[in-house]
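Asker: This is the structure I have questions about; it appears just below.
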Amino acid sequence: MRLSIPLSLTLGAIVLAAAAACGGQPAPPPTPTVDSAAIRDSIARAEAARRAREDSIARARAEAERMAAERRRADSLAAVTRETERVRGMLGEMINFDFDKSNIRAGDAAILDRKIAILQANPGVTVTITGHCDERGSDEYNLALGNRRALAAKEYIVNRGISADRVTTASRGEEQALDPAGTEDAWARNRRDEFALAAGGQQLRAPAGM
Amino acid sequence: MTRPLFGLALTLALAPPALAQDTVPPREGVRVGITYEPGVRPGVLVVDGPGDEWLDSVRAILRRDLEYGDYFEIITLPPNDTTELGIGAKGPSGEFVNFGLYAALGADFTVRVRPGETSTVFLYDVRAEAVRREMPVVLPPLQDAGFRLAVHRVADEIVRAITGQAGIAATRFLFLQRGRIYRIDADGADLQPLTSAGTRAFSSAWSPDGRRVAYTEFHEQGAQIYLQEVDAGTRRRVGTTERGLNYTPTFAPDGRTLVYSRSDESGTDVFAYDLDRDCCLQRLTSGRFADNLSPTFSPDGRRIAFVSTRAGLPQIYAMSADGTGQELFAPFDYGVTGSSNAPDWSPDGLSLAFHRDVGGSPQIFLMDVQRREVRQLTSAGRNEDPTWAPDGRHLAFVSNRTGNRQIWIIDLETGRVRQVTRGGEARLPAWSGRMY
């Protein structure tokens with residue numbers, strides 16, 4: 001602030017010098033007039049600006065709320081999708097068989113029990129069971145064996161209360177191996193029933209406690 | 001097998017028989033010297049000589065067909081020596097035929113092709129010094145689709161003229177490779193796909209006249225049977241195979257009935273379908289707790305052998321063509337004998353070929369139908385899905401003896417084997433009748 005006086009003096013000197021350089025008379029001071037229209041305009045402009053400010057705040061607030069709602073909706077949709085995927089995974093879990101056998105192994109009964117609970121919780125769902133074999137048996141016989149493997153799983157499910165018309169069966173014999181390695185492990189993996197959703201699987205509810 | 005004879009390097013075109021893998025006793029004699037010995041396969045010489053590519057091809061196909069027929073020992077000569085054979089040269093009494101030289105070479109019969117608009121195939125009986133058969137035949141140009149088959153028919157007639165029974169050169173196989181049905185000539189030439197890429201086929205069968213084939217094609221869930229005209233390529237679905245898995249089709253010997261197996265929720269059973277009337281599906285087996293599949297007709301069309309699991313493991317049973325009189329066909333020891341599958345009834349009706357698990361691998365077995373006696377034919381590797389040649393002497397099957405599964409032919413008289421297919425895994429062969 002101590003510099004303000006010398007600075008204004010300096011500026012005054014520059015202004016005087018400029019006026020002298022023009023060589024003419026100094027311009028008369030403007031006559032003060034009262035323009036009421038201009039005043040009204042400026043008030044209106046200020047008012048409009050205020051309204052715009054308020055609108056934009058309101059819009060931003062609404063947008064934020066909308067996005068939050070969307071997030072909530074997406075979260076719940078994701079939850080539903082996650083549940084559907086989880087249930088679908090349980091429904092698709094394969095069961096395996098001993099060589100040239102079509103009986104349900106004791107350890108696989110729990111897998112089928114889960115499917116029964118899911119079918120009960122989702123009455124619109126129908127499934128297709130497809131039996132498969134390893135490549136060691138006879139090619140033609142394996143189609144019949146795969147058919148029997150699919151029927152064994154269907155029988156287990158239907159005997160426990162699921163309507164027979166919700167479960168269809170098929171066989172691919174040894175024609176669609178999961179693992180072509182030709183080892184004991186690969187053969188064991190290839191001897192299987194696959195479970196596919198045929199209808200009603202867009203949204204799946206998990207049974208209570210699962 | 002090369003030895004000097006009259007200054008000629010005489011090569012007996014004997015592919016070393018691959019007997020090691022098969023337990024059939026070889027009855028093949030060893031040709032010693034140049035004299036004919038009873039019990040030894042007769043020697044046949046297909047005479048070479050000046051000729052164009054067409055004539056060379058005809059001779060080469062004939063020579064190979066006769067070789068593959070396993071009746072004869074084919075005598076081949078180095079190309080330079082053929083001029084000394086003097087065949088076709090004019091002598092004082094018509095055409096001069098050097099019987100003395102053929103006899104010295106070990107030939108019992110000599111084949112000569114005289115090309116023309118209508119070609120003539122001469123079959124000489126060397127020991128009798130006479131023409132055994134003179135066959136006028138119109139052979140198409142080399143590029144003609146029917147060329148090879150026409151030459152195969154000549155080879156079959158030569159076999160008939162010598163042995164009384166036609167050869168099997170003019171026959172073909174159907175087989176499954178990478179999901180498609182292919183057709184191939186019995187000599188391994190002229191491979192053609194019959195089903196489109198992108199579809200998945202399964203078992204197939206020839207109609208008795210060789211003009212149609214039936215095969216299974218997988219669809220979304222089921223598998224349907226199609227009837228396809230071999231030449232035209234047109235096909236139609238067998239109406240009664242809309243639902244379930246329908247497979248192992250086989251034609252009755254009169255071509256009017258198609259018998260196949262169907263797997264569905266009631267199990268697997270054998271059905272008969274009236275092709276003539278395009279209707280009238282008849283269920284031949286009924287086993288809620290057993291599977292019944294893979295039917296094969298006796299040549300008189302009155303019996304059907306098939307596979308059934310009614311005793312637990314699959315074994316071979318038989319019934320009348322209407323499904324009555326079902327009985328165990330191929331004897332087995334319960335709890336000891338392995339699974340038996342894929343029966344095929346021989347064209348003479350006397351023998352049934354099938355495969356049976358021995359120590360975890362399928363092997364080819366033959367059953368004497370009259371005596372119900374079973375003997376094992378192969379012993380090493382996997383050997384499965386036998387199919388008879390129309391001569392009842394040759395049997396084709398799938399074997400993995402060279403690594404992957406391929407189609408092989410065994411001559412039951414000599415034990416000689418040869419490979420038909422190559423490349424990707426070939427499965428489920430079906431041998432046609434003669435293509436006449």
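Asker: Taking square-rooted eigenvalues a ≥ b ≥ c of the alpha carbon gyration tensor, is segment B:172-431 rounded, prolate or oblate, where a/c under 1.5 means rounded and, failing that, a/b exceeding b/c means prolate?
Answerer: The shape class here is rounded.
Asker: Based on other C-beta atoms within 10 Å, arrange B:Thr195, B:Thr171 from fewest to most.
Answerer: Ranked by crowding around the Cβ, least crowded first: B:Thr195, B:Thr171.
Asker: Any chance you could list P(r) for segment B:307-414, counting all Cα-Cα pairs in 5 angstrom bins from zero, rounded to whole %?
Answerer: Percent of Cα pairs in each bin: 2, 12, 22, 25, 19, 12, 5, 1, 0.
Asker: Here's something else I'd like to know. Pull out a ≥ b ≥ c, the square roots of the eigenvalues of the alpha-carbon gyration tensor of segment B:115-212, then state rounded if a/c is under 1.5, prolate if not and a/b is larger than b/c, and oblate in the remaining case.
Answerer: Cα axes put segment B:115-212 in the prolate bin.
Asker: List B:Ser203, A:Ser171 from most exposed to least, where exposure is judged by having the fewest other Cβ atoms within 10 Å.
Answerer: The order, fewest Cβ neighbours first, is B:Ser203, A:Ser171.
Asker: Find out how many positive minus negative residues lie around B:Ser196, taking Lys and Arg as positive, Asp and Glu as negative, among other residues whose Cβ is under 11 Å from that of B:Ser196.
Answerer: Details: positive: B:Arg180, B:Arg200, B:Arg235; negative: B:Glu217.
So the surrounding residues net to +2.
Asker: Tell me the angle of helix B:147-163 to the major Cα principal axis of chain B, expressed in degrees between 0 and 90 and rounded to the nearest ten.
Answerer: 80 degrees
Asker: Neighbour counts of other C-beta atoms within 10 Å: give me A:Glu70, A:Glu140 arranged from fewest to most.
Answerer: The order, fewest Cβ neighbours first, is A:Glu70, A:Glu140.
Asker: Need one number for the protein assembly as shown: average projected area of the convex hull over its C-alpha atoms, nm².
Answerer: Over all viewing directions, the protein assembly as shown projects a mean Cα-hull area of 63.8 nm².
Asker: Taking every residue in A:168-175, how many Cβ atoms of other protein chains lie within 10 Å of its Cβ, on average? Present the calculation step by step, with values, prior to reporting the outcome.
Answerer: On the way: counts 4, 6, 10, 10, 6, 6, 0, 6.
Across the residues of A:168-175, the mean count of other-chain Cβ atoms within 10 Å is 6.
Asker: Return the single residue from B:Arg178, B:Arg127, B:Arg371 with maximal mean-square fluctuation; model: Gaussian network over chain B, springs between Cα atoms under 10 Å.
Answerer: B:Arg371
Asker: Ok, one more. Normalised by the number of residues in segment A:94-199, what is the relative contact order in percent for Cα pairs under 8 Å and 6+ residues apart?
Answerer: Across segment A:94-199, relative contact order equals 41 percent.
Asker: Which one, B:Gly287, B:Gly49, B:Gly335, has the greatest fluctuation when you compute a Gaussian network model over chain B with C-alpha springs under 10 angstrom?
Answerer: B:Gly335
Asker: Now a separate question. Excluding B:Gly423 itself, what net charge comes from residues whose Cβ is under 13 Å from its Cβ, given Lys and Arg +1 and Asp and Glu -1?
Answerer: Numbers: positive: B:Arg178, B:Arg180, B:Arg405, B:Arg422, B:Arg427; negative: B:Glu425.
Taking every other residue near B:Gly423 into account, the sum is +4.
Asker: Given C-alpha coordinates of segment A:52-92, what is the ratio Rg to Rh with the Kirkwood estimate of Rh? List each step's numbers first, then the result.
Answerer: Working: Rg = 17.4 Å, Rh = 12.2 Å.
Using Cα coordinates only, the ratio equals 1.42.
Asker: Need one word for chain B: rounded, prolate or oblate. Basis is the Cα gyration tensor (sqrt eigenvalues a ≥ b ≥ c); a/c below 1.5 gives rounded, then a/b vs b/c decides.
Answerer: Note, shape of chain B comes out prolate.
Asker: Further question on the same structure: Given Cβ point charges of +1 (Lys, Arg) and -1 (Asp, Glu) and nothing else, what value in debye, to the nearest 20, does the dipole of chain B about its Cα centre take?
Answerer: Values: 48 positive and 54 negative charges, 122 e Å.
About 580 debye.
Asker: May I ask you to evaluate 6.51 cos²θ - 1.76 cosθ + 1.60, the Karplus curve with θ = phi - 60°, for each residue of segment B:188-205 and list the ³J(HN,Hα) values in order in whole Hz, giving x for glycine and proline?
Answerer: Once θ is set to phi - 60°, the couplings for segment B:188-205 become x, 9, 6, 7, 9, x, 9, 10, 7, 5, x, 9, 10, 9, 9, 6, 9, 8 Hz.
Asker: So how do B:383-392, A:184-193, B:323-332 stack up, highest first, on mean other-Cβ count within 10 Å?
Answerer: B:383-392, A:184-193, B:323-332
Asker: Just to verify a number: FRET efficiency for B:Arg371 and A:Asn159, C-beta to C-beta distance, R0 = 60 Å, to 0.05?
Answerer: 0.80
Asker: In degrees, nearest 10, range 0 to 90: what is the angle between the Cα axis of helix B:53-69 and the longest Cα principal axis of chain B?
Answerer: So the helix axis and the longest Cα principal axis differ by about 60 degrees.
Asker: Residues of B:260-266, mean number of Cβ from any other protein chain within 10 Å of their own Cβ, rounded to a whole number?
Answerer: Counting Cβ atoms of other protein chains within 10 Å of each residue's Cβ and averaging gives 5.
Asker: Now for a separate question. Compute a Gaussian network model of chain B, connecting alpha carbons closer than 10 Å, and tell me which residue from B:Val154, B:Val213, B:Val238 fluctuates the most.
Answerer: B:Val238
Asker: Could you work out how far the C-alpha centroid of segment B:116-192 sits from that of segment B:301-331, in angstrom?
Answerer: 37 Å
Asker: Can you give the local net charge around B:Gly49? Use residues other than it whose beta-carbon is closer than 9 angstrom to its beta-carbon, Lys and Arg +1, Asp and Glu -1.
Answerer: +1
Asker: For segment A:94-199, compute the orientation-averaged projected area of the C-alpha convex hull (one quarter of its surface), in nm².
Answerer: Numbers: hull surface 24.6 nm².
Dividing the Cα hull surface by four gives the mean projection, 6.1 nm².
Asker: Considering the convex hull of the alpha carbon atoms of segment B:233-325, report its projected area averaged over all viewing directions, in nm², one decimal. Can you show the working numbers first?
Answerer: Values: hull surface 25.4 nm².
Average projection, Cα convex hull of segment B:233-325: 6.3 nm².
Asker: Here's a follow-up. Per-residue HN-Hα couplings for segment B:355-372, Karplus 6.51 cos²θ - 1.76 cosθ + 1.60 at θ = phi - 60°, whole Hz, x for Gly and Pro?
Answerer: Listing the rounded values in order: 10, 9, 5, 10, x, x, 10, x, 10, 7, 10, 10, 10, 6, 5, 5, 8, 6 Hz.
Asker: Here's another thing I want to ask about it. Report the convex hull volume per residue for segment B:142-263, counting only C-alpha atoms, in Å³.
Answerer: Hull volume normalised by residue count: 117 Å³.
Each value in this text was obtained by applying a stated rule to the coordinates, not by laboratory testing. Source: prediction; values computed, not measured. Because the Cβ atoms are built from the backbone with ideal geometry, glycine has one as well, and the counts that use them run over all protein chains shown.
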